[in-house]
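Participant: Below are the structure tokens for one structure; questions will follow.
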């Protein structure tokens, strides 16, 4: 597996897609929990409402940056692989077999999204 494909699969397909889906299925948003703790700690030391507002919009900004990064490196096929991985993470509590199959499909799609030569052979694009 090429270095570019491996990095894309680990960072976006597994990290952004699958792990986010697992956290959503469990019902916990670790990013929001961490930002709330940081906000409470900093709020006791430095109580600026502007800074508190920044901590409220920060998760959305980080998500948008991650999606833009996934698109820049994998284009539409890459975004599809991230979405399939997210669905795989959501399905892990319902059916492990379905989740594993969806994750394999997402990894293969992510590999094809970053491998230009293979994508050109298969799709002609």
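The values are calculated or read from the model by the stated rules, or taken from the named source; none is laboratory data. Nothing here was measured: the structure is a model prediction, and the numbers come from that model. Methodologically, a virtual Cβ is constructed for each residue, glycine included, from the backbone with ideal geometry; neighbour enumeration extends over all protein chains shown.
Participant: Just for segment 1-10: of the residues that are part of a helix (DSSP H, G or I) and touching a helix residue (DSSP H, G or I) at 6+ places or on another chain (Cβ under 8 Å), which one is nearest to residue 86 (Cα to Cα)? Quick ask: steps written out before the conclusion?
Facilitator: If we filter segment 1-10 for residues that are part of a helix (DSSP H, G or I), which is where we start, we get 3-10.
Retained after the next criterion (residues that are touching a helix residue (DSSP H, G or I) at 6+ places or on another chain (Cβ under 8 Å)): 4-5, 8-9.
Working: 4: 21, 5: 18, 8: 15, 9: 13 Å.
Residue satisfying both the conditions and the ranking: 9.
Participant: Another one. Go through (1) without any contact (Cβ under 8 Å) to a residue 60 or more places away in the chain; (2) touching a helix residue (DSSP H, G or I) at 6+ places or on another chain (Cβ under 7 Å) one by one and return the number of the condition residue 65 breaks.
Facilitator: Result: residue 65 fails condition (2) only.
Participant: So which helices (runs of 4 or more DSSP H) stay within segment 21-125 end to end and still have 1 or more residues that are over 15 Å from the mean Cα position of the chain (by Cα) and modelled with pLDDT of 85 or more? Explain how you work it out, then say what you get.
Facilitator: Details: elements: 30-45, 49-90, 96-114, 116-123.
Those helices (runs of 4 or more DSSP H) span 30-45, 49-90, 96-114.
Participant: Out of all the residues in segment 43-50, is one or more over 14 Å from residue 13 (Cα atoms) and touching a residue at least 12 places away in the same chain (Cβ under 8 Å)? Before the answer, list the steps.
Facilitator: First pass over segment 43-50, keeping only residues over 14 Å from residue 13 (Cα atoms): 43-50.
Next cut, touching a residue at least 12 places away in the same chain (Cβ under 8 Å) only: none.
No, there is no match, as no residue in segment 43-50 is over 14 Å from residue 13 (Cα atoms) and touching a residue at least 12 places away in the same chain (Cβ under 8 Å).
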